[in-house]
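Peer 1: Starting off with a structure, shown below.
The values are calculated or read from the model by the stated rules, or taken from the named source; none is laboratory data. Given the structure is predicted, the values throughout are model-derived calculations rather than measurements. Note that each Cβ is placed from the backbone with ideal geometry, even for glycine, and that neighbours are counted across all protein chains shown.
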Amino acid sequence: MQSSKQPPLFAAILPRIGMPARLAERVVHLNDTSPLGLASDTEAYQGHLAKAEQLSERAATSAVRADYKEAGAVWLARAAHRQAAFGIASEARLRAAQALSLVPISQGVQVETALAFAIAGDTPRAESLARDLERRYPLDTQMQSLWLPAIRAQLALNRKYAAAAINTLQLASPIELGNIQFGVEVSCLYHVC
């Protein structure tokens, strides 16, 4: 799915975010956008939202230029999660819609955008995507045990049903600390109840 084209953006950006030269060369060679996206997450964690948004945009742009639209869409959806968590719901909804427009049928993009819409309080869009994912992936353990419960729990919280949210998340308890491969990187879901 990834192209052999070299996005010129990498050569200029990676040294600026403090990546060691040997790792930067490997990343450029692989057309990997993960370091930019992960640097974005790190900046947000440190409270540098503007810098985080710049890095997310760069990660998404680089992925799209490398003919890997799904990765770009996931980085945009993750930026939408962050914006919603910081209370910037209108921008979060815009980013999530932008991500979904890049690759509308991707399982990873639909999951990430459904969660972003839920966090941003856009219940109709989140519920619509969740219903579609449930219909399309009825036997997918990860979908049924992790992602859909997380989306539904957020929707329950939006409705002020904390007990329902906790009950929904109980589905994931047998596997909640497991590492999973999803989208563009390995992630780990930890449910906090």
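Peer 1: So the check is Cβ under 6 Å with 6+ separation or different chains; which pairs have a first residue in region 31-47 that's over 17 Å from residue 64 (Cα atoms) and a second one that's modelled with pLDDT under 85 and in a helix (DSSP H, G or I)?
Peer 2: Filtered contacts from region 31-47: 39/17.
Peer 1: Shifting gears a bit: Which members of region 108-127 meet the condition of being among the polar types (S, T, N, Q) and buried (at least 19 other Cβ atoms within 10 Å of the Cβ)? Break it down stepwise before answering.
Peer 2: From region 108-127, those among the polar types (S, T, N, Q) are 110, 113, 123; that's our starting set.
The answer is 110, 113.
Peer 1: For the condition of a type in the set (Lys, Arg) and surrounded by fewer than 24 Cβ atoms within 10 Å (Cβ to Cβ), what is the one hit in 78, 65, 95?
Peer 2: Just a single option satisfies the conditions, and that option is 65.
For (1) without any contact (Cβ under 8 Å) to a residue 12 or more places away in the chain; (2) under 21 Å from residue 169 (Cα atoms), each residue gets a yes or a no:
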| residue | (1), (2) |
| --- | --- |
| 87 | yes, no |
| 93 | no, no |
| 111 | no, yes |
| 120 | no, yes |
| 124 | yes, yes |
| 127 | no, yes |
| 138 | yes, yes |
| 151 | no, yes |
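Peer 1: Go through region 29-41 and give me each residue that's assigned to a helix (DSSP H, G or I) and either touching a strand residue (DSSP E or B) at 6+ places or on another chain (Cβ under 9 Å) or at pLDDT below 85 (or both).
Peer 2: Initial filter on region 29-41 (assigned to a helix (DSSP H, G or I)): 29-30, 34-41.
Those that are assigned to a helix (DSSP H, G or I) and either touching a strand residue (DSSP E or B) at 6+ places or on another chain (Cβ under 9 Å) or at pLDDT below 85 (or both): 29, 30, 34, 35, 36, 37, 38, 39, 41.
Peer 1: Kindly list, by first and then second residue, each pair from a residue in region 56-82 that is within 14 Å of residue 93 (Cα to Cα) to a residue that is of a type in the set (D, E, K, R) and surrounded by fewer than 22 Cβ atoms within 10 Å (Cβ to Cβ), limited to pairs with Cβ atoms under 7 Å and residues at least 6 apart or on different chains.
Peer 2: 79/53
Peer 1: Answer with yes or no whether residue 111 is assigned to a helix (DSSP H, G or I) and at pLDDT below 90.
Peer 2: no
Peer 1: Moving on. Out of all the residues in region 115-123, is one or more part of a helix (DSSP H, G or I), more than 25 Å from residue 53 (Cα to Cα) and more than 17 Å from the chain's Cα centre (by Cα)?
Peer 2: Checked region 115-123: no residue is part of a helix (DSSP H, G or I), more than 25 Å from residue 53 (Cα to Cα) and more than 17 Å from the chain's Cα centre (by Cα).
Peer 1: Among (1) modelled with pLDDT of 85 or more; (2) crowded, with 19+ Cβ neighbours inside 10 Å; (3) not small (Gly, Ala, Ser), which single condition is residue 51 missing?
Peer 2: Answer for residue 51: the failing condition is (2).
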